[in-house]
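The values are calculated or read from the model by the stated rules, or taken from the named source; none is laboratory data. These numbers were taken from a predicted model, which means no experiment stands behind them. No Cβ is skipped: glycine too gets one built from the backbone with ideal geometry, and neighbour counts run over all protein chains shown. Protein only, heavy atoms only, side chains kept; ligands, DNA and RNA dropped before computing areas. Shrake-Rupley method; radii C 1.70, N 1.55, O 1.52, S 1.80 Å.
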Amino acid sequence: MNSQSPYIQILRQHGCRITRARRIVLRVLEDEARHNTSTQIIEAVEALDPGVGRASVFRSLDLFTRLGILRPIYISGSMTPAYVLMSGGHHHHVICSKCQAIHDFDDCGLDDMTRQLETKLNLRIDGHLLEFYGVCADCQAADA
């Protein structure tokens with residue numbers, strides 16, 4: 001991960017130190033490009049650098065969540081969240097309510113609504129997380 005990463009820039013804008021642990025956790029989040037649990041993130045971090053402890057990973061996840069770099073999502077009532085990077089301040093996906101498969105998509109069509117909310121509520125919206133739930137084609141076929 002280079003120093004021009006938008007996530008490194010967010011850390012700098014908030015006056016946060018750019019530690020080795022934070023860089024490695026961000027690298028894992030960017031490289032994995034999926035919805036990772038803290039256990040999966042810890043395992044990937046340990047594979048890259050066994051010197052980064054679990055506590056550092058959890059502190060990094062907490063900081064990144066507070067800064068809006070990533071968001072926890074809870075699938076099928078799970079108490080353990082998966083984490084998603086908030087690329088460009090937003091993230092969208094459809095979750096199969098049977099097999100828990102997650103399908104990402106880009107265009108949510110919420111630009112007009114975002115502007116309306118900003119005007120109506122006199123605030124600046126920094127991001128959003130949009131989730132739809134349904135039954136995927138594979139699960140529909142299995143039920144048929």
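Residues of the chain: accessible area per residue at 1.4 Å, in Å²?
Here the per-residue accessible area is 62 Å².
Per residue of the chain, what 222 nm ellipticity follows from adding -39500 (n - 2.57) for every DSSP H run with n ≥ 4, rounded to the nearest 500?
-13000 deg cm²/dmol
Which cross-chain or sequence-distant (5 or more) residues have an amide H under 5 Å from the amide H of L70, H modelled 1.01 Å from N in plane?
Sorted by chain and number, the residues that satisfy this are T65, M86.
Near the amide H of T37, under 5 Å away, which other amide H atoms are found, from residues 5 or more places off or on another chain, if H is placed in the peptide plane?
For T37, the qualifying residues are Y83.
Give me the one-decimal nm value for the distance between modelled label points at E131 and A55, 7 Å along each residue's Cα-to-Cβ direction.
Spacing of the two 7 Å Cα→Cβ label points: 3.1 nm.
With a 1.4 Å probe and every protein chain left in place, tell me how much accessible area M113 has, in Å² to the nearest 10.
Estimated to the nearest 10 Å², M113 gives 100 Å².
Carbon and sulfur: what percent of region 1-132's accessible surface (1.4 Å probe)?
That share works out to 49 percent.
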